Amino acid sequence: MKLTKSLKNPILRPNPKNDWENLVVLNPAVIYDEANARFVMLYRAAGDTVEHYIHLGLAYSDNGIDFVRQSDQPSLSPDYDGADGGCVEDPRLVKMGDWYYLTYAARPYAPGRYWLNAPKPWFNPPKDGPRFLSWNNSVTYLAITQDFKTYKKLGRMTDAREDDRDVYIFPEAVKGKYVRLSRPMFNCGPGWPNENPAMWIAFSDDLLEWPKPTLLMQGETWWESKKIGGSCPPLKTPYGWFVIYHGVAKKDDAYRVGAILLDLDDPTKIIARTKEPILEPEFDYETSGVYNGCVFPTGNVVKDGVLYVYYGAADKFVCVATGDFEALLQDLLKNGK
């Protein structure tokens with residue numbers, strides 16, 4: 001079963017009026033705010049600059065399709081003199097209690113126009129410095145908010161040496177432990193159980209300190225032969241934790257999307273896994289942009305039985321695809337591996 005893309009895609013485009021979002025908007029975190037009956041989106045955005053600083057913008061929607069920006073200023077920005085000084089990007093959101101928990105990828109220096117074969121403008125790396133600094137590696141950080149206007153940045157939750165950016169947490173503890181999925185880029189190859197970058201799982205008592213993760217799953221089919229990574233925070237269902245992930249194919253470097261079900265009490269166990277993509281690049285807004293051939297989900301919501309999957313398209317736009325959630329779950333249970 002494939003998801004249906006909205007006829008209104010892209011649902012969010014770069015905004016020429018604001019210099020921090022006039023080049024690209026993509027990879028949004030989306031959650032449904034029950035108290036105010038609205039969809040809340042935090043979207044990644046960057047302006048037309050050489051440094052390519054990355055921010056998060058805020059938008060609301062009543063129907064999950066038509067989003068309205070809430071400010072001409074970012075909702076969250078890099079702390080330019082801090083550890084996340086280059087970017088705050090690829091957000092994921094979950095709610096626990098009265099607080100929203102935001103995981104986001106960051107770099108110490110702005111990444112520059114990473115899609116071009118050009119020198120990086122960020123700084124002169126020390127020749128004898130640490131690898132994560134000289135390579136400007138990604139690290140995942142945790143922040144909390146209640147109103148999407150003020151945030152408390154709590155610090156990093158991944159190893160700076162591993163370039164780990166596809167990271168998010170489960171929306172509740174499992175048997176008293178918080179759960180994290182991640183995709184450490186360097187945990188692969190000789191000496192590892194996986195040849196290519198894969199999805200790993202870890203458990204924690206406090207969300208910031210994590211033991212070494214264990215391998216959850218790796219690419220198996222042609223469309224995930226180069227690498228896989230987690231995409232959207234898990235959704236709890238009677239059948240298991242529903243998790244959307246992405247795969248990249250060696251033959252065309254395109255990003256496609258699959259789904260898995262994990263055991264409710266032991267999420268290290270995979271119950272079912274899609275054989276074919278449920279979402280893949282097809283249209284011009286997905287095949288032509290900053291990264292050609294990319295659909296990259298980072299947010300999902302279930303409302304009135306409909307699954308909304310929000311994704312970045314070609315690293316330039318925000319899009320949405322939908323499907324009957326129960327039908328998708330049944331198809332996954334019946335036809336998944």
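Laboratory data are not the source of any read-out in this text; all were calculated from the coordinates shown. Because the structure is predicted, anything quoted here is derived from the model rather than measured. Positions of Cβ are backbone-derived with ideal geometry, glycine not excepted, and every protein chain shown enters the neighbour counts.
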Interchain or sequence-distant (5+) residues whose placed amide H lies within less than 5 Å of the amide H of ALA259 are TYR245, THR274
Built amide H within the under 5 Å cut-off of LYS226, gap 5+:
VAL248, ALA249, LYS250
Which whole-Hz ³J(HN,Hα) couplings does the range 43-51 yield from phi under the Karplus relation 6.51 cos²θ - 1.76 cosθ + 1.60, θ = phi - 60°, glycine and proline marked x?
10, 6, 8, 8, x, 7, 10, 5, 5
Cα Rg, Dmax, the range 10-335, angstrom units
18.4, 56
Got a sec to turn the phi values of the range 74-91 into Karplus ³J(HN,Hα) couplings, 6.51 cos²θ - 1.76 cosθ + 1.60 with θ = phi - 60°, whole Hz, x for Gly and Pro?
x, 7, 8, 10, x, 8, 4, 9, x, 5, 9, x, x, 5, 10, 8, 6, x
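Kindly rank 8-17, 208-217, 311-320 from highest to lowest mean number of other beta carbons found within 10 Å of each residue.
Details: 8-17: 16.6, 208-217: 14.7, 311-320: 26.1.
Output ranking for 8-17, 208-217, 311-320: 311-320, 8-17, 208-217.
Just how large is the dipole of the range 10-335 about the Cα centre, in debye to the nearest 20, putting +1 at every Lys and Arg Cβ and -1 at every Asp and Glu Cβ? Intermediate results must be reported in sequence, preceding the final value.
Working: 35 positive and 44 negative charges, 115 e Å.
About 560 debye.
Average the reciprocal distances over every distinct pair of alpha-carbons in the range 242-337, invert the result, and give the Kirkwood radius in Å.
It is 14.0 Å.
Counting pairs of Cα atoms in the range 55-181, how many percent are more than 21 Å apart?
Details: 3757 of 8001 pairs.
More than 21 Å apart: 47 percent of the Cα pairs in the range 55-181.
Over the range 10-335, what relative contact order in percent results from Cα pairs under 8 Å that are six or more residues apart? Display every interim value, and only then the final one.
On the way: 900 pairs, mean separation 46.0, N = 326.
Relative contact order comes out at 14 percent.
Need one number: % antiparallel among DSSP beta bridges in the range 194-317, to the nearest 5.
Numbers: 31 of 32 bridges.
Taking every DSSP beta bridge with both residues in the range 194-317, the antiparallel ones total about 95 percent.
For a Förster distance of 30 Å, can you work out the FRET efficiency between the beta-carbons of GLU34 and LYS212, rounded to the nearest 0.05?
Values: r = 36 Å, r/R0 = 1.21.
The formula returns an efficiency of 0.25 here.
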Proximal lysines relative to LYS250, as straight alpha-carbon distance under 20 Å, when same-chain residues fewer than 8 apart are discounted:
LYS226, LYS227, LYS275
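Just to confirm a number: summing +1 for Lys and Arg and -1 for Asp and Glu over residues other than GLY85 whose beta-carbon lies under 9 angstrom from that of GLY85, what do you get?
Taking every Cβ under 9 Å from that of GLY85, the sum is -2.
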Given H placed 1.01 Å from N in the peptide plane, which residues other than close sequence neighbours of TYR168 have an amide H under 5 Å from its amide H?
LEU181
Provide the descending list of Cα extents for the range 123-237 along its principal axes, expressed in whole angstroms.
41, 40, 25
Taking the alpha-carbon centroid of each part, what is the distance from the range 172-248 to the range 274-331 in angstrom?
19
Ratio of the Cα radius of gyration of the range 225-281 to 2.2 N^0.38 Å, where N counts its residues:
1.17
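For SER288 and LYS303 in one chain, what is 0.36 nm times their gap in residues minus the Cα-Cα distance, to one decimal in nm?
Numbers: separation 15, 0.36 × 15 = 5.40 nm, distance 3.09 nm.
Result: 2.3 nm gained on full extension.
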Using θ = phi - 60° and the Karplus relation 6.51 cos²θ - 1.76 cosθ + 1.60, list the HN-Hα couplings for the range 210-225 in order, rounded to whole Hz, with x at every Gly or Pro.
10, x, 4, x, 10, 5, 8, 7, 10, x, 10, 9, 4, 7, 10, 7
When we measure straight from the Cα of LYS95, which aspartates and glutamates land under 16 angstrom away, once same-chain ones fewer than 8 places off are left out?
ASP33, GLU34, ASP147, GLU172, ASP206
What distance in nm separates the simple spin-label points at TYR60 and GLU195, each placed 7 Å from Cα in the Cβ direction?
5.1
